[in-house]
Amino acid sequence: MQRSKICLCLTCPTIKEDLEVVEKYRNWIDMVELRVDFLTKDERLHIRKFPNLAKIPTILTIRRKTDGGVFIEGEASRTTLFARGLAYADQDIRKNFAFIDLEEDFQVPSLQDAAFAFGTKVIRSFHDMKGPVYNLGDRLASMCITGYEIPKIACLPQNLSDVTRMFKETENIDFEHIVCGMGDFGLSTRILACKMNSFLTYVSPTETIENMATIGHIDPITINEVYNFKAIDKSTTLYGITGYPLKATSSPAIHNGGYRKFGINAVYIPIKSETVEEAVTFAEQLDMKGLSVTVPHKEGILRELDSISTEVGEIGACNTILKTPKGWVGYNTDARGLKQALLEFLGCTKLGRRKVAIIGAGGAAKAAAYVIHELRGRCCIFNRTVSKARDLADRYNFKYASLGIESQEILEEYSDIIIQTTSIGMGSSGPYNEKDDPLSFYTFRGEEFVYDIIYYPEKTPMLERAESVGCNVCNGYSMLKYQAYEQFSLFTGVKYE
Ligand code: NAP
């Protein structure tokens with residue numbers, strides 16, 4: 001089978017704007033879909049000339065509201081518009097629409113015959129905007145009435161299990177078809193279209209991606225430059241990162257950049273999953289060789305593992321799982337990543353007599369405490385839930401305290417180095433707001449070294465405040481990078497740097 005094609009959805013209000021978008025993204029795409037439903041009424045009168053102007057294979061689509069489009073003028077007008085798009089067929093088929101998308105329940109034989117007569121292929125589509133579609137193989141086969149259509153199903157998986165089933169039900173389909181999973185959980189079906197034997201995957205330009213917000217398109221540059229889409233084939237080894245809600249992650253750019261740099265046929269994708277069980281079942285179905293594990297699954301994943309590294313045993317959290325002949329093995333690269341990042345930030349190899357405050361007592365704090373213990377540091381752990389701070393502190397004979405104004409003095413004592421590990425401040429923007437600053441009760445002296453493991457935004461409100469009075473500050477990107485390099489070595493056996 002050929003590799004899956006990249007089809008750019010055009011949803012501008014005018015043909016001129018759509019053509020500009022085609023020009024901008026031409027190098028990243030194979031074909032386009034002219035979404036006539038998004039054109040203004042006047043512009044719709046000129047669709048016939050589009051394929052000749054765009055000079056790229058084009059799908060003619062007029063999508064109704066019920067199927068995720070914006071066309072509301074009724075079936076008679078839609079039929080007329082389709083006919084306008086197919087009229088005056090040219091001997092040079094490149095000047096005609098290459099494909100026409102007709103929904104399964106839109107049966108107009110004259111349109112279909114005209115399309116066949118002039119070399120325009122029919123995509124016979126079905127959309128479920130509310131839920132998954134079951135038995136994809138049988139369902140797709142039943143949509144090929146004449147035997148010449150390309151059946152297409154787009155549906156809305158409700159969870160990762162629905163997506164796993166989509167891959168399972170399409171892995172052996174041997175006729176041309178299109179399958180895509182929409183919404184939050186569907187991303188893997190778009191990047192791994194080739195593993196579903198899908199003829200194409202749809203993308204949208206950043207300029208109009210909001211038109212496809214609920215459908216979940218990514219842009220053509222990201223699918224190429226971050227996910228190396230054109231290099232993905234049946235033999236591509238799969239890795240990924242699982243978590244929930246897994247909103248923004250820089251890990252795919254780091255890992256996929258590494259595969260490109262070292263010529264490794266592999267791809268690393270985000271896998272949004274509410275449960276660890278679903279994530280592991282997905283990984284098994286796709287024969288994935290390794291996963292990064294992030295919030296909130298770093299502890300839950302332990303019950304899915306066949307063995308763990310010494311570090312995972314000591315830290316009690318796992319951020320990397322590797323498929324081996326003996327099953328899934330868990331590692332923790334957060335600790336090594338943080339150690340390297342911290343020593344680089346401090347510009348030393350030892351902590352000496354400096355005292356360390358760890359803010360938080362979750363999975364990341366556990367890795368931080370392990371590192372500070374390894375470096376023989378003196379430390380106090382501050383957390384909203386004091387019992388969790390105590391449990392972690394007791395492991396290493398550290399001190400612990402609550403996270404609030406009542407702990408101001410003890411924080412002053414342990415503030416030579418502050419390592420912020422809570423999720424407070426992540427994704428924050430706009431004017432300063434105390435709720436995004438876990439240390440809002442604390443006045444920085446300007447001498448502290450402050451490391452915030454959050455890296456989005458680049459500077460959290462707490463880091464901004466610390467820096468403004470002269471503290472040395474650093475965000476968590478260095479930790480992310482170094483822990484990802486460690487994962488990369490575990491996954492591929494190749495050293496990243
Ligand atoms: P986690 O296990 O869920 O722990 C979350 C921590 O944040 C807990 O200490 C929790 O306190 C605290 N917290 C959450 N909301 C709070 C609030 N409103 N007020 C006070 N405390 C609050 O998560 P994690 O795995 O440790 O991850 C934490 C953050 O680190 C995430 O943003 C994650 O993205 C980031 N991280 C970055 C890297 C990197 O490479 N840079 C690596 C790992 C994690 P309670 O115990 O009281 O609930």
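Where a number appears in this text, it was derived from the coordinates with a stated rule and is not lab data. Nothing here was measured: the structure is a model prediction, and the numbers come from that model. FYI the Cβ positions are ideal-geometry reconstructions off the backbone, even for glycines, and counts take in every protein chain you see.
Assuming R0 = 45 Å, can you tell me the calculated FRET efficiency for the pair A87 and K168, based on Cβ-Cβ distance, to the nearest 0.05?
Details: r = 43 Å, r/R0 = 0.95.
The calculated FRET efficiency here is 0.55.
Just want to confirm a number: the relative contact order over the chain, from Cα pairs under 8 angstrom separated by 6+ residues, in percent.
Numbers: 1001 pairs, mean separation 43.8, N = 497.
So the answer I get is 9 percent.
Per-residue ellipticity at 222 nm for the chain, helices alone: DSSP H runs ≥ 4 residues times -39500 (n - 2.57), over residue total, nearest 500 deg cm²/dmol? Walk me through the numbers on the way to the answer.
On the way: 17 runs with 158 residues, N = 497.
Rounded to the nearest 500, it is -9000 deg cm²/dmol.
Apply the a/c threshold of 1.5 to the C-alpha gyration tensor of the stretch 314-394 and tell me whether it is rounded, prolate or oblate.
Values: a/c = 2.70, a/b = 1.36, b/c = 1.98.
It is oblate, given that a/c is not under 1.5 and a/b is not larger than b/c.
Taking the chain as the region of interest, what is the percent of Cα-Cα pairs per 10 angstrom bin, listed from the shortest bin to the one with the maximum distance?
Pair shares across the bins are 4, 18, 24, 20, 15, 11, 6, 2, 0.
Based on the Kirkwood radius over alpha-carbon pairs, what is the Stokes-Einstein translational diffusion coefficient of the stretch 160-202 at 4 °C with 1.567 mPa s viscosity, in µm²/s? Could you put the intermediate results ahead of the total?
Working: Rh = 10.2 Å.
Diffusion coefficient, whole number: 128 µm²/s.
Give me the Kirkwood hydrodynamic radius of the stretch 125-220, using the inverse of the mean 1/r over all pairs of distinct Cα atoms, in Å to one decimal. Can you show the working numbers first?
Values: mean 1/r = 0.0748 Å⁻¹.
When all Cα pairs of the stretch 125-220 are included, the Kirkwood radius is 13.4 Å.
Looking at the P(r) of the stretch 323-481, how many percent of alpha-carbon pairs lie beyond 22 Å?
Details: 4684 of 12561 pairs.
Summing the P(r) of the stretch 323-481 above 22 Å gives 37 percent of all pairs.
With N set to the residue count of the stretch 419-471, report its C-alpha Rg divided by 2.2 N^0.38 Å to two decimal places.
Working: Rg = 10.0 Å, N = 53, 2.2 N^0.38 = 9.9 Å.
Taking the Cα Rg and dividing by 2.2 N^0.38 Å, one obtains 1.01.
Using the Karplus curve 6.51 cos²θ - 1.76 cosθ + 1.60 with θ = phi - 60°, work out ³J(HN,Hα) for each residue of the stretch 414-421 in order, rounded to whole Hz, and write x for Gly and Pro.
Calculated HN-Hα couplings, in order: 9, 9, 4, 10, 10, 10, 8, 10 Hz.
What does the charge add up to near G330, with Lys and Arg as +1, Asp and Glu as -1, over the other residues with Cβ less than 13 Å from its Cβ? Provide the component values of the computation, followed by the final result.
On the way: positive: K298, R303, K323, K326; negative: E299, E304, D306, E311, E314, D334.
Neighbour charge sum, excluding G330 itself: -2.
Which far-off residues, 5 or more places away or on another chain, put their amide H under 5 Å from the one on D128, with H placed in the peptide plane?
For D128, whose amide H was placed from the backbone, the distant partners under 5 Å are A154, C155, L156.
Looking at the chain, what % of its DSSP beta bridges pair antiparallel, to the nearest 5?
On the way: 8 of 74 bridges.
Rounded to the nearest five, the antiparallel share is 10 percent.
Let me see the pair-distance distribution of the stretch 172-226: every alpha carbon pair, 10 Å bin width, integer percents in order.
Bins of 10 Å from zero give 25, 53, 20, 2 percent of pairs.
If you average the sequence gap of Cα pairs under 8 Å that are 6 or more apart and divide by the length of the stretch 1-131, what percent do you get for the contact order?
On the way: 201 pairs, mean separation 27.0, N = 131.
Taking the mean separation of contacting Cα pairs over the length of the stretch 1-131, I get 21 percent.
Thinking of the stretch 359-428 as a set of Cα atoms, what percent of all their pairs are more than 15 Å apart? Write down the numbers at each step before the final one.
Details: 1146 of 2415 pairs.
Percent of Cα pairs beyond 15 Å in the stretch 359-428: 47.
So how many Lys-Lys pairs in the stretch 398-497 land under 27 Å Cα to Cα, not counting same-chain pairs under 8 apart? Display every interim value, and only then the final one.
Values: K399/K435; K435/K459; K459/K481; K481/K495.
Within the stretch 398-497, the lysine pair count is 4.
Equivalent-ellipsoid semi-axes (√(5λ), Cα gyration tensor) for the stretch 1-109, whole Å, largest first?
Numbers: eigenvalues 88, 49, 46 Å².
Whole-Å semi-axes of the equivalent ellipsoid: 21, 16, 15.
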